[in-house]
1. Would segment B:27-34 turn up any residue that is open to solvent by less than 20 Å² (accessible area, probe 1.4 Å), without any contact (Cβ under 8 Å) to a residue 60 or more places away in the chain, of a type outside the set (Val, Ile, Thr) and part of a loop (DSSP other than H, G, I, E, B)?
2. Looking at this structure, is B:Val94 within 14 Å of another protein chain (Cβ to nearest Cβ) and open to solvent by less than 40 Å² (accessible area, probe 1.4 Å)?
3. Do any residues in segment B:107-120 that are facing another protein chain (nearest Cβ under 7 Å) have Cβ atoms under 6 Å from those of residues that are open to solvent by 30 Å² or more (accessible area, probe 1.4 Å) and of a type in the set (Val, Ile, Thr), where the two are at least six apart or on different chains, and which pairs are they?
4. Among the residues of segment B:40-75 satisfying the criterion of being of a type in the set (A, V, I, L, M, F, W, C) and open to solvent by 40 Å² or more (accessible area, probe 1.4 Å), which is farthest from B:Leu148 (Cα to Cα)?
5. Mind counting the residues in segment A:120-140 that are over 21 Å from B:His161 (Cα atoms) and under 20 Å from the mean Cα position of the chain (by Cα)?
6. Looking at B:Thr63, B:Thr105, B:Thr129, which is the one that is out of contact with any strand residue (DSSP E or B) (no Cβ under 9 Å at 6 or more places or on another chain), within 16 Å of DNA strand D (Cβ to nearest atom) and either outside the structural domain of B:His201 (by TED's automatic domain parsing) or modelled with pLDDT of 95 or more (or both)?
7. Answer with yes or no whether A:Asp78 is crowded, with 16+ Cβ neighbours inside 10 Å and either more than 16 Å from DNA strand D (Cβ to nearest atom) or small (Gly, Ala, Ser) (or both).
8. Out of all the residues in segment A:122-152, which are in contact (Cβ under 8 Å) with a residue 60 or more places away in the chain and assigned to a helix (DSSP H, G or I)?
Protein chains: 2
Amino acid sequence: MKTEKGGAGGTRPSPGVRSTLNRPYICAVALALIDANGLGNFSMRKLGAGLGVDPMAVYRHFTDQEELFDGIAEALFDELDVGSLPWDGSWRAVAEQYCRRLRDTLLRHPHAVSVFATRPVRSPSSIDTGVRIIELLQAGGFTPTRALQIARCLREFTIGHALSLAVVRLGSQSRSRKPAPESPDYNILARAADDTEIDEHFDVGLTALLDGFELLIRPA
Amino acid sequence: MKTEKGGAGGTRPSPGVRSTLNRPYICAVALALIDANGLGNFSMRKLGAGLGVDPMAVYRHFTDQEELFDGIAEALFDELDVGSLPWDGSWRAVAEQYCRRLRDTLLRHPHAVSVFATRPVRSPSSIDTGVRIIELLQAGGFTPTRALQIARCLREFTIGHALSLAVVRLGSQSRSRKPAPESPDYNILARAADDTEIDEHFDVGLTALLDGFELLIRPA
DNA sequence: TATCGATACCTACACCGTAGACTCAAACTA
DNA sequence: TAGTTTGAGTCTACGGTGTAGGTATCGATA
């Protein structure tokens, strides 16, 4: 086991025998492992195995596990494909689509949501997106300060929602199930919950938030 | 070191020489350790040391670390003191105070926010609070389904905000600082950020959210 | 006093992140 | 072409982790 194990490189020159590892590819494999086995079952050693490489090889490309996780968060952000947002439309359309895509992307990787939620993403494309959204909000009539506040609120609501949903979905596979309707524990909360899909409230919250922001520039 | 080490019990009968461990006390010590040293430096062994007890003693009271963290989350929730919320006031007043207190409590324990954010809290007092808030929302004119959705949105926004803020505050102690104003990286985002305290937007978002919800029962 | 249950202790195991020294082939220099 | 450098990947090893399983000790009960 020396030089075969083909497929270590994403877009590297010599495609034949063995291209070198690179950050995006390592992140993609790490994310796939987390998706498949859960964050708790992820380790640098298993990542090495998944890459067909010595565990320490990863440390040539990332100083530590923390930095690897930063890379995974950036990969998740890139999966949004912000470039295809309706940048020509209203601030509201962009904000809505941005939040929806962020939510959908995160929920596609429920085991990795907490990785994304627990660090600030500072990749160029992420910063650039932030700038564009704020410019759009300013063009829509918000002050610079207000625009920044709104952008932060939207992001935090969306991440909070995705994290909460991922936690509930993954937890209900192994944790306590809900009580039967005859039980005294079947209270008003449970009854309402039975009538409500657990993820239906995102639209409600997002709309409320956007409506509320609109009141700031167009008072009723 | 056998039977002294006084102070192992919170509100236990025999206060003299050595009372037994109990869940609330263990959680309180664990939380204090996390506050002091960070989540990454916490371990069951260090908890044992902090309690003045063998590390395995904790396993008499919690089946594993996960369950201990569940207990910590419950302890954080209890710190809210939901009993003293203005339950006689409007749904809006209660919702606002609830979110504010949740936020303040979490930010008092920045290293523990992710512990709270990554599990559903199912303690009786937490469930009871959920029920009361939903009843109040229904009394305010929302349908049961809508009430549940609103409660979830408020909770998720608040947690998302607290998590994001905690991450930024803790991260900026050791991570990259912001660029100087002359730098080409000092873009519109950084400029707006300089004029905006990082935590000033919570009120903006919360107000927008509540305004938006109000539109559902009192259309403009 | 004898018994028992709960509580805390101890040992040990498998696994973790990663520091530091290594091999070895490709790339550059003379 | 011969010699050298560089850098990716390997190997070993260390101190730490969660926790399973067995043991000792103490208070309450019979």
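1. Looking through segment B:27-34, none of the residues is open to solvent by less than 20 Å² (accessible area, probe 1.4 Å), without any contact (Cβ under 8 Å) to a residue 60 or more places away in the chain, of a type outside the set (Val, Ile, Thr) and part of a loop (DSSP other than H, G, I, E, B).
2. Values: within 14 Å of another protein chain (Cβ to nearest Cβ): no; open to solvent by less than 40 Å² (accessible area, probe 1.4 Å): yes.
For B:Val94, the condition - within 14 Å of another protein chain (Cβ to nearest Cβ) and open to solvent by less than 40 Å² (accessible area, probe 1.4 Å) - is not met.
3. That search, which allows pairs on different chains as well, returns B:Ser114/A:Thr118; B:Pro120/A:Val168.
4. If we take residues in segment B:40-75 being of a type in the set (A, V, I, L, M, F, W, C) and open to solvent by 40 Å² or more (accessible area, probe 1.4 Å), then B:Ala49 is farthest from B:Leu148 (Cα to Cα).
5. Residues flagged as over 21 Å from B:His161 (Cα atoms) and under 20 Å from the mean Cα position of the chain (by Cα) within segment A:120-140 amount to 4.
6. One residue alone meets the criteria, B:Thr63.
7. It is true that A:Asp78 is crowded, with 16+ Cβ neighbours inside 10 Å and either more than 16 Å from DNA strand D (Cβ to nearest atom) or small (Gly, Ala, Ser) (or both).
8. Within segment A:122-152, A:Arg146, A:Ile150 meet the criteria.
The values are calculated or read from the model by the stated rules, or taken from the named source; none is laboratory data. If you're wondering where the values come from, they're calculated on a predicted model, not measured in any experiment. Methodologically, a virtual Cβ is constructed for each residue, glycine included, from the backbone with ideal geometry; neighbour enumeration extends over all protein chains shown. These area figures cover heavy atoms from the full protein model, side chains too; ligands, DNA and RNA do not enter into them. Shrake-Rupley method; radii C 1.70, N 1.55, O 1.52, S 1.80 Å.
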